[in-house]
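The values are calculated or read from the model by the stated rules, or taken from the named source; none is laboratory data. Keep in mind that this is a model prediction, so the values were computed, not measured. Methodologically, a virtual Cβ is constructed for each residue, glycine included, from the backbone with ideal geometry; neighbour enumeration extends over all protein chains shown. For the accessible areas, the whole protein counts, side chains as well, though only heavy atoms, and no ligand, DNA or RNA atoms are used. Shrake-Rupley method; radii C 1.70, N 1.55, O 1.52, S 1.80 Å.
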Amino acid sequence: MPEPVTAVIDPIPHTRAAPPSASEFAPLLRTVKGQGLLERRRTWYALGIAFNALALAGVVTGVVLTGDSWWSLLLAPPLAVLSARTAFIGHDAGHSQITGDRTRARAIGLIHGNLLLGMSYAWWNDKHNRHHANPNHIDKDPDVVADVLVFTAAQAAHRSGFRRWLTRNQAWLFFPLTLLEGVALKVHGFKDLRRQPLRERAVEGGLLVAHVAAYATLLLTSLSPGKALAFAALHQALFGLHLGLAFAPNHKGMEMPDPTGERWGHLRRQVLTSRNIRGGALTDWFLGGLNYQIEHHLFPSMPRPHLRLARPLVRAHCEELGIPYAETGLVDSYRQALLHLHEVGEPLRPARP
């Protein structure tokens, strides 16, 4: 979910240094490679995938054993959390963090995306790779295309009717809207099947249908229709909220490249548009490592457990070059993102007397 308000809502001033150059990134890349931080952690991921699978099986078993009872709804929140963990695994597979073998990575992505979540791996991978190539670029990043939300005053100026009302209130509506994200991701995946080649469409579509059939069968054979609907609504809403909480702090309110201005090199393009979230092991777990957004964007194939190790190297390198390195706490990151959305919608609100 997702911009002329392009001012960064960030406590760190974004100054312009030397013209962007590939040489700015090369020394950092050599250092990171030299410390082995791009080497894959197959055992770490294997254990994580196995634990997640067992936990999912445990919740499913709990739903079956609890039966047609409102107590079953207590299992919807842990299932939502595990669904987010499943999405993070699919995300890492898409970036070749788990394995460099494309066939194996796709298989992991299809299982964790299409089969377990009902989300199209091919659709997400295509969209997400375009985002990584040009984060926050109004013409090239699909995540800042004007849709339900808008991110610039120029986008806001073209809103009318109900969409105009949405934009005026988008800061207040952002987190409520994320409650629909779990369902929206599934809808996007099914719609994208028309774009895919026939063979890919058959695999992707078959697994998406299998997910819907298995999900419906589980709930409707264990619960009455009313309770099944309540369980699904709670599960999908909390799943969407969890993903929204993980993705919201990453880029919203950060710099947006001027499409007609100078072209930034890889280092500046990724660092200036991204924000890190400070925290410990719990933050790393809850946000799936995406709290190290700067490191993740600079090194997309870097295994998740190495991102925190790369952080001090990246920060020191940015300080040496005079490039702002945005990092803040979790709550403040939401404040900054929502403030940006609020300012974008400001021109559409009635002037106060």
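Would you point out the residue of region 233-265, among those that are in a helix (DSSP H, G or I) and of a type in the set (F, W, Y), that is modelled with the highest pLDDT?
Once the filter is applied, the top-ranked residue is F239.
Just to confirm my filter: which helices (runs of 4 or more DSSP H) fall fully inside region 68-141 and include at least 1 residues that are more than 21 Å from L290 (Cα to Cα) and more than 16 Å from the chain's Cα centre (by Cα)?
Correct list: 76-94, 102-109.
Within region 27-59, count every residue that is out of contact with any helix residue (DSSP H, G or I) (no Cβ under 7 Å at 6 or more places or on another chain) and either modelled with pLDDT under 95 or among the polar types (S, T, N, Q) (or both).
The total comes to 2.
So in region 180-232, with the set limited to residues that are charged (D, E, K, R) and outside any helix (DSSP H, G or I), which one is surrounded by the most Cβ atoms within 10 Å (Cβ to Cβ)?
R195
L149 passes all but one of (1) surrounded by 16 or more Cβ atoms within 10 Å (Cβ to Cβ); (2) under 24 Å from R40 (Cα atoms); which number fails?
Result: L149 passes all but (2).
Per-residue answers, yes or no, for (1) modelled with pLDDT under 95; (2) within 16 Å of the chain's Cα centre (by Cα); (3) surrounded by fewer than 18 Cβ atoms within 10 Å (Cβ to Cβ):
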{"position": "M302", "(1), (2), (3)": "no, no, no"}
{"position": "A310", "(1), (2), (3)": "no, no, no"}
{"position": "C318", "(1), (2), (3)": "no, no, no"}
{"position": "T328", "(1), (2), (3)": "no, no, no"}
{"position": "L339", "(1), (2), (3)": "no, no, yes"}
{"position": "A351", "(1), (2), (3)": "yes, no, yes"}
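Within the group L287, L267, which residue is buried (at least 22 other Cβ atoms within 10 Å of the Cβ), of a type in the set (A, V, I, L, M) and more than 20 Å from A133 (Cβ to Cβ)?
Result: L287 is the single residue among L287, L267 that is buried (at least 22 other Cβ atoms within 10 Å of the Cβ), of a type in the set (A, V, I, L, M) and more than 20 Å from A133 (Cβ to Cβ).
Just need a number here: residues in region 19-66 that are over 30 Å from G113 (Cα atoms), hydrophobic (A, V, I, L, M, F, W, C) and open to solvent by 60 Å² or more (accessible area, probe 1.4 Å).
1
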